[in-house]
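Okay, structure first, notes after.
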Amino acid sequence: MMASNNSIKKTLTVALALCIVCSVVVSTAAVVLQPTQQKNQELDRKSNILQVANLYEPGMDVDDAFDELITPRVINLETGEYSDRFDPQSYDQFEAARDPATSRTLSGEEDRAGIGREEMYSTVYLVGDNPDDPEQIILPIRGQGLWGLMRGFFAIKGDGNTIIGLSYYSHSETPGLGGEVDNPRWKSKWKGKEIYAEDGMSPDISLVKGGADSKYEVDALSGATLTSRGVTNMLHFWLSESGFGPYLARFHGNSEGA
């Protein structure tokens, strides 16, 4: 007697074959599309750097503009000096932060940004021909918001103190509340504010409720206390001696870069 076409054995065989075919298709697509995905990620990074520096124009060739206007350099975060240890075109500071050989564990009190580990070397992005006297300095920053890690770029004039802009390219904050970090009106409030009041190593810039009334204050995000606190904490970490403070101190008082 012939086996029924609806037998469990045939059903499982067809299902298994279908799974194998789908797995092969998905795996092949992932391999084939990986270079395109990496290229798009790199293009998005360059676009965000140009935007925070107010250098982006709609329709521009992002790759050409980046190569012409931006110079990436790797710095030693502890000393604030430029380093040739890594190629700035390929160095991945996020991978470095996960490697104990190229990063350090942060203590609870020091880890204001909530990142756990900090890379020993970081990439900075410079506008201008002279790395010792740049027109702008763009710093990569990251830290915990309300729902997860926020990643962005912070642009400063060549005096190492005057803010040009702040922009986040990755976050999971609540739309309409913490998600207002994407709002152009809020981002415009940062321009012209200053980071340091005196010694240049302890940042004074903060988000405040009820209206900012000094050059070291920016309006907090309405209804998003924890996100606002997260922004302040990550800036206080990355702009302090634990982060880019030693590097930025090189430029304080440089009126030509301002």
Quarter of Cα convex hull surface for the chain, i.e. mean projection, nm²:
19.9
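Quote to one decimal, in nm, the extra length available between Asn40 and Asn130 on full extension: 0.36 nm per residue of separation minus the C-alpha distance between them.
29.5 nm
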Setting aside same-chain residues fewer than 8 positions from Lys39, which aspartates and glutamates have a Cα under 16 Å from its Cα?
Asp61, Asp63, Asp64, Asp67, Asp92
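Report the calculated FRET efficiency for Glu68 and Lys191 (r = Cβ-Cβ distance, R0 = 25 Å), to the nearest 0.05.
Details: r = 23 Å, r/R0 = 0.94.
Calculated transfer efficiency: 0.60.
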Sorted by packing (mean other beta-carbon atoms within 10 Å per residue), highest first, where do 107-120, 238-251 land?
238-251, 107-120
Take the chain, connect every pair of alpha-carbon atoms lying under 10 Å apart with a spring to form a Gaussian network, then pick out the residue of Leu126, Leu146, Leu50 with the largest mean-square fluctuation.
Leu146
Enumerate the lysines that Lys191 could reach by cross-link, defined here as Cα to Cα under 24 Å, with residues fewer than 8 away along the same chain left out.
Lys46, Lys157, Lys209, Lys215
For Thr13 and Asp84, FRET efficiency with R0 = 41 Å and r from the beta-carbon atoms, rounded to 0.05?
0.10
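Rule-based calculations on the coordinates, nothing more; no lab input. Everything numeric in this text was worked out from a predicted model, so none of it was measured. Positions of Cβ are generated from backbone atoms using ideal geometry, with glycine treated the same way; all protein chains shown enter the neighbour counts.
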